[in-house]
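For reference, the structure discussed in these notes is given below.
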Amino acid sequence: MLVRGVEDIQVVQEQAALLRIAMLVARDEPLDSLFGAVSAEVSQLLRVDAGAVMRFIGAERSVIVGVHRNGGTHSLPVNAELDFDRTTTAIGRAQSTLLPARMVYTANSKGDVPATLKKAGLQVTVAAPVLRHGSAWGVLVASGADEEALPPGCERRLVGLCGLLAQALANADARAELAASRARLVEAGDEARRRLERALHEGAHQHVVALALKLRVACGRAVPGSPEEALLTEVLADAMEASAAMGELARGLHPAVLSERGLAAALQVLVARAPMPVQLRELPGRRFEAMIETTAYLLVAEAIANAGAHAHATEAVLLADDRGDRLVVEVRDDGIGGAEVLRGGGLECISDRAAALGGSFALESPRGGGTTVRIELPVD
C-alpha cells in the first residue's frame, strides 16, 4: 500500500507539471522562457540536481538552450556547446535510437559531456528525445549526483514533457511560416505598387506631359485674343492639372525617391510637401529592406495627411530613429485628437504591415490632446 501511495503521488506531481507546461505552450510562451521552465519542472519532478533542454546542432554536437540547477547554473550555462559520442552518452543514444536513454559516467569517461557533468558534481544522466518532423531536434535531460538520484523509470516521466516541447516547436514553426507568408504578401503588394508607379510614370504620365508641350506650342501659334487661343489655353491648363494629379498619384503608389535614395530622403521630400510645418527630430543614416522603408514611409504619409485633413493640426513632429536592431518611427501632431484605427482605413493597413514584419503599431489620440502614431520594426 505504501508503494501504491508513492506511485499515486508521483502521478499527481507529473500531471501537475504537465499541466503547468501545457498552459505555457497554449499561451505561446517564448521558447527561451519555456525551455527554462521545462528544465525547472524536470529538476523538481524527479528531485534531481539539474534539468536541461539541449538542442542538436550536428550529428555529435549540441547546445544547452534551457537549464535549471538547484543552487544555480554553475558549469551548466545556457548557450554552452558540447560535443557528444552517440554510443557512450545518454543524449547520443537518445538521438540515435529516438528512445529515452540512461548513462552513468565514471572517472574514466571521456568527452565534453562527462567532463562538464563531473565539473558540476553530477554523475548519472537520463535523456529523452524531443522530436521534430520525425527526427530528434534535441533532448530533455535530468542529471544527478549518483544512481540513487535517478531510479529506474525516471526516463518514462520525461516523455510527456518532451511531447509538450515538440508541440511548442510545431507552434513556433507555424507562427514563423505565417509571419513569412504575411511578409511575402506585403512584399508582393509593394512590388505591384512599384510596377504600377513605373508604368504610370513612364507611360500615361509621359503622354500627358507630351500633350501639354504640344498644346503650349499650339497656344504660341494661335492668333492672340482669338477664340482658338482661349480654348487652347484652357485645354493646356487642364492638361497641366492632369499631369500634376498623375504625378501625385504615382508618388502615392510608390515614390521614386524612396527606391533611389532611401527612407531619409523620401521623408525629407514628404515633409517639404506637408500641409503644415513638420519638425524633423531624427532621420536614419542607412538604408533598410524595401518593405521596412515602404512601411515607415506610408506611416508618415498617412499620419501627416490625417493631421492636415482631419485633426486640423498646426504643426507636427517626426522621429525616425535607427536603434540598431529596430527602426522606431513616430509622428506627433497638435490637432484635436480623437483618431481611431478604422476598418479598411490607412492606419489599419499600417498596423497590419507592421504586424506582418514582426513589429508593433501604437496610436494615442485623446480628444483635444493631439495624436501620436508610432511603429517599431525589427531591422536585423
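Which log10 I(q)/I(0) values, to two decimals, does the range 179-218 give at q = 0.16, 0.21, 0.24 Å⁻¹ under the Debye formula with one point per Cα?
-0.54, -0.67, -0.74
Mean Kyte-Doolittle of at least -1.0 and a Cα length of 18 Å or more along the axis: which whole DSSP H helices of the chain meet both?
Those that clear 18 Å and a mean of -1.0 are 2-26, 31-46, 154-199, 205-221, 227-253, 290-309.
Could you list the residues of the range 112-156 with an amide nitrogen less than 20 Å from a label point located 7 Å from the Cα of Arg86 in the Cα-to-C-beta direction?
112-114, 127-140
Could you give the C-alpha radius of gyration of the chain expressed as a fraction of 2.2 N^0.38 Å, taking N as the number of residues it contains?
So the Cα radius of gyration is 1.53 times the expected 2.2 N^0.38 Å.
So, with +1 on the Cβ of K and R and -1 on the Cβ of D and E, and no other charges, what is the size of the charge dipole of the range 76-232 about its Cα centre, to the nearest 20 debye?
My answer is approximately 260 debye.
Tell me the net charge near Leu150. Cut-off is 13 Å between Cβ atoms, Leu150 excluded, with +1 for each Lys or Arg and -1 for each Asp or Glu.
Counting the neighbours of Leu150, the net charge comes to -1.
For the range 118-229, state the average projected area of the convex hull of the C-alpha atoms over all orientations, rounded to one decimal in nm².
Orientation-averaged projected area of the Cα hull: 15.1 nm².
Can you give the calculated 222 nm mean residue ellipticity of the chain, where each DSSP H run of n ≥ 4 adds -39,500 (n - 2.57) and the sum is split over every residue, rounded to the nearest 500 deg cm²/dmol?
Theoretical 222 nm ellipticity from helices: -17000 deg cm²/dmol.
Ordering Leu99, Leu164 by accessible area with a probe of 1.4 Å, largest first, what comes out?
Greatest to least solvent exposure: Leu99, Leu164.
Going by Cα centres, the range 9-73 and the range 77-148 are how many Å apart?
15
Note down, for the range 206-286, the three equivalent ellipsoid semi-axes (square root of 5 times each alpha carbon gyration tensor eigenvalue), biggest first, whole angstrom.
After scaling each eigenvalue by five and taking roots: 38, 14, 9 Å.
Using the Cβ atoms and a cut-off under 14 Å, what net charge is assigned to the surroundings of Arg20, where Lys and Arg are +1 and Asp and Glu are -1?
For residues surrounding Arg20, the net value is -2.
Convex hull volume of the Cα atoms in the range 6-144, per residue, in Å³?
Each residue corresponds to 113 Å³ of Cα convex hull volume.
What number comes out for the charge environment of Gly111, summing +1 per Lys or Arg and -1 per Asp or Glu over other residues with Cβ under 14 Å away?
Once all neighbours under 14 Å are counted, the net charge is +1.
List residues of the range 349-375, by number, whose backbone nitrogen lies under 18 Å from a label position 7 Å along Cα→C-beta of Glu282.
Only 359-364, 372-375 pass the distance filter.
The values are calculated or read from the model by the stated rules, or taken from the named source; none is laboratory data. Treat the numbers as computed from the prediction; the structure is a model and nothing was measured. Glycine also receives a Cβ, built like all others from the backbone with ideal geometry; neighbour counts cover every protein chain displayed. The accessibility values were calculated without ligands, DNA or RNA, using every heavy atom of the protein model including side chains. Shrake-Rupley method; radii C 1.70, N 1.55, O 1.52, S 1.80 Å.
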